[in-house]
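Below is one structure, written out as structure tokens; comments come after it.
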Amino acid sequence: MEEKGKVEKIIEIEGLKIETKKKVILDGVDLNIFRNSVNTIVGPSGSGKSTLLRSLNRLLDMEPSMDVSGDVLFEKRNIRDYDPVELRREIGLVFQKPNPFPMSIYDNVAFGLRIQGKKLKKEEMDKLVNRALEDADLYEELKGNLKQMGTSLSGGQQQRLCIARALVLRPKVLMFDEPTSALDPIAKGKIVDLIRALKQKFTVILVTHDMSLTRKVSDYTNLIYEGKFVAKGTGTEFFESEIEEVKDFLSEAD
Amino acid sequence: MKVTDSYAESGHEIQWKNLGSRKIKDKIAYGLSYVVLGIMVVILVSIFIYILDSGASHITLNMLITPGNTATGGVLNAIVGTWELVGMGLLFSLPPSILGALYVVNGRSNGTLSMAARLFTDVLTSVPSIVIGFFAFIVLVQRLNMGYSLIAGGIALSVMMLPYLMRIIEISFRNIPKEQIENAYALGADDIRVASRIYLPQAKVGMFSGILLAVSIAAGETAQLLYSAGWNNNYATGFLHSGVGYLTYVVWNGINYPTTYSHYLAYVSAMLLILSVTGLIALSKYIGRGK
């Protein structure tokens, strides 16, 4: 299964090894992430998917027990050469559990802009917040109620609020860590539509073990198993693969 | 039917037999708990009533509005001095407590330093207050030539307040969902912004109740102040080289003084102390409820 050659790579992972004193979590993996596509990483629990995501925006820097080696190039530049704060603005992350800050919807979305310390005019701030809410397909539902607490929304709306909060910084890459696992089917359906729409403007990295979600949105699917990628391929190629691990995983996941 | 039989045979009856003795043990344990609780309540209420009664029956307006020397005059200098010392103690202990708690909870240290910080605060909690006072006397009052003063007294109190504050602030920080902290970092916040926008605003209620608790404990301290704040028959005239009056000193000295009026001043001071400490603890519990 060869990756498409024509599409531009935005992230190149080369020999990435992540380990603690007790365990190797990722064992020298290579992976390319393609621009304006949905790049999905699937695998059983504990296979290193979430750790991989956290290494891409250097959130792992905050865990001294994790030893990271190998290279990750973001737009041809090693992520170690970025300031972590700058890198995290370029590579956004949406977590598994919706977790709005205990503040208004508006303040939640504006959080990322305010912490940059830039003084934006109110009109400018309003424009950016509204655009992020529109991108997260939340503006029509919530306009006029932006002073309401973010925590008062439904689970699905909270998750889209978290997406808007990440989008307001206009990251080039948006990573999702099991974004639908805590949601009901209707809320999940909205996230599926949203991920499809987002890839027009952003590069999406999706970590999940939900194969129905993967079938619906994934352009490139990568199976990780015990810290190694055992299969990589485009959406259709992956699901028709004859590789044993893929067949096993698909049969267990379905 | 077979399931029912095997269920009965598999020790179900034995469990019922044990249940009888367990119930008796349970009742004995509950009974003992009530007895101990009763003893504690009786002691506490007796102290409370005795002190309130003694204070209230001898209090005069003049005692509250004039300074005094524990034998004559009032206790206003001691009331003012107590809160000045506690405020100074808070000033010295709150910033390092917040920074220490942030350091311990952020999980980025290799663990050894966090453990050392926690051990250090635990040890500080157990150091007798007279030892802290002795240390303050040698180092602050004598070596650093501060004299009996607000600063020396404030530092001596802060040593005692710091471990309580740090532990309560740490608990308040730990109550914030870890995902919110990670979210803030993932949105590009640096350490200072995560502290100022997430940790401090969200932990403020817990922190405030912790501050009230530490203040109430500090307000009732005597030993370390004897060696560091000294005493003053009037108000402190500066931060250094000017002793400070405080209520616990009036209680301690007034009772030892062979006049009836000095005993009255001691009763009134004890009443003021117990009322403010109880009030502060009740307020801290009220504010921190559900946290």
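The values are calculated or read from the model by the stated rules, or taken from the named source; none is laboratory data. Please read all numbers here as calculations on a predicted model, not as lab measurements. Note that each Cβ is placed from the backbone with ideal geometry, even for glycine, and that neighbours are counted across all protein chains shown. Each accessible area value is taken on the protein alone, full model and side chains, heavy atoms only, with ligands, DNA and RNA left out. Shrake-Rupley method; radii C 1.70, N 1.55, O 1.52, S 1.80 Å.
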Considering only protein heavy atoms, what per residue accessible area in square angstrom results for the protein assembly as shown with a 1.4 angstrom probe? 50 Å²
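Go through A:Lys22/A:Lys188; A:Lys49/A:Lys76; A:Lys118/A:Lys228; A:Lys201/B:Lys204; A:Lys23/A:Lys199 and tell me which ones have a Cα-Cα distance over 31 Å in this structure.
As for pairs spanning more than 31 Å Cα to Cα, those are A:Lys22/A:Lys188; A:Lys118/A:Lys228; A:Lys201/B:Lys204; A:Lys23/A:Lys199.
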Packing-wise, with mean Cβ within 10 Å as the measure, how do A:94-106, A:26-38, B:273-285 rank, highest first? A:94-106, A:26-38, B:273-285
Note on chain A: alpha-carbon gyration tensor, axes a ≥ b ≥ c; rule is a/c under 1.5 for rounded, else prolate if a/b larger than b/c, else oblate; result prolate
Which whole-Hz ³J(HN,Hα) couplings does the stretch A:8-23 yield from phi under the Karplus relation 6.51 cos²θ - 1.76 cosθ + 1.60, θ = phi - 60°, glycine and proline marked x? 6, 7, 9, 10, 10, 9, 10, x, 6, 10, 10, 9, 10, 5, 9, 8
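How high is the relative contact order of chain B, given as a whole-number percent (alpha carbon pairs under 8 Å, six or more residues apart)?
Contact order relative to length: 27 percent.
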Picking from A:Met211, B:Leu265, A:Val94, whose Cα lies most toward the positive end of the charge dipole for the protein assembly as shown (charges on Cβ: Lys, Arg +1; Asp, Glu -1)? B:Leu265
Using Cα-Cα distances under 8 Å and only pairs 6 or more residues apart, what relative contact order does chain A have, in percent? 29 percent
For the stretch B:43-93, inverting the pair-averaged 1/r of distinct alpha-carbon atoms gives a Kirkwood value in Å of 12.7 Å
Taking the C-alpha atoms of chain B, how large are the radius of gyration and the largest Cα-Cα span, Dmax, in Å? 25.6, 90
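Enumerate the helices in chain B for which the Kyte-Doolittle hydropathy averages 0.5 or more and the C-alpha atoms extend at least 20 Å along the helix's axis, using complete DSSP H runs.
Those that pass (Cα extent of 20 Å or more, hydropathy at least 0.5) are B:13-58, B:76-105, B:112-126, B:150-174, B:200-219, B:260-287.
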Peptides A:43-55, B:59-71, A:119-131 ordered by average Cβ neighbours within 10 Å, highest first: A:43-55, B:59-71, A:119-131
Of B:Leu240, B:Leu213, which has the most accessible area with a 1.4 Å probe, and how do the rest follow in descending order? B:Leu240, B:Leu213
Return the average number of partner chain Cβ atoms within 10 angstrom of each residue Cβ along peptide A:184-190. 0
Sorted by chain and number, the residues with a modelled amide H under 5 Å from that of A:Thr234, at a separation of 5 or more or across chains, are A:Thr221
Enumerate the whole-percent occupancy of each 10 Å bin, from 0 to the last occupied one, for all C-alpha pair distances of the stretch A:113-243. 11, 38, 31, 14, 6, 0
Which whole number gives the average, over all residues in B:187-197, of C-beta atoms from other chains lying within 10 Å of the residue C-beta? 6
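Starting from the coordinates of the alpha-carbon atoms of the protein assembly as shown, obtain the Kirkwood hydrodynamic radius over all distinct pairs and give the value in Å to one decimal.
Kirkwood hydrodynamic radius for the protein assembly as shown: 28.4 Å.
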Quick one: work out Rg over Rh on the C-alpha atoms of the stretch B:70-118, Rh as Kirkwood radius. 1.37
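Report the full-extension gain for the segment A:Thr236 to A:Lys23: residue separation times 0.36 nm, less the Cα-Cα distance, to one decimal in nm.
Going from the current span to full extension adds 73.3 nm.
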Within the accessible area of the protein assembly as shown, what % is carbon and sulfur when the probe is 1.4 Å and the other protein chains stay in place? 59 percent
Alpha-carbon centroids, the stretch B:129-190 and the stretch B:60-125: separation in whole Å: 8 Å
State the antiparallel share, in %, of DSSP beta bridges confined to chain A, rounding to the nearest 5. 55 percent
Picking from B:Leu150, B:Met161, A:Ser65, whose Cα lies most toward the positive end of the charge dipole for the protein assembly as shown (charges on Cβ: Lys, Arg +1; Asp, Glu -1)? B:Leu150
Per the C-alpha gyration tensor (a ≥ b ≥ c, the square roots of its eigenvalues), the stretch B:199-291 is rounded if a/c is under 1.5, else prolate if a/b beats b/c, else oblate; here it's oblate
Could you please tell me the mean projected area of the C-alpha convex hull for the stretch A:166-235, averaged over all directions and given in square nanometres to one decimal? 5.2 nm²
For B:122-131, mean number of other protein chain Cβ atoms within 10 Å: 0
The protein assembly as shown: antiparallel bridges as % of DSSP beta bridges, rounded to 5, reads 55 percent
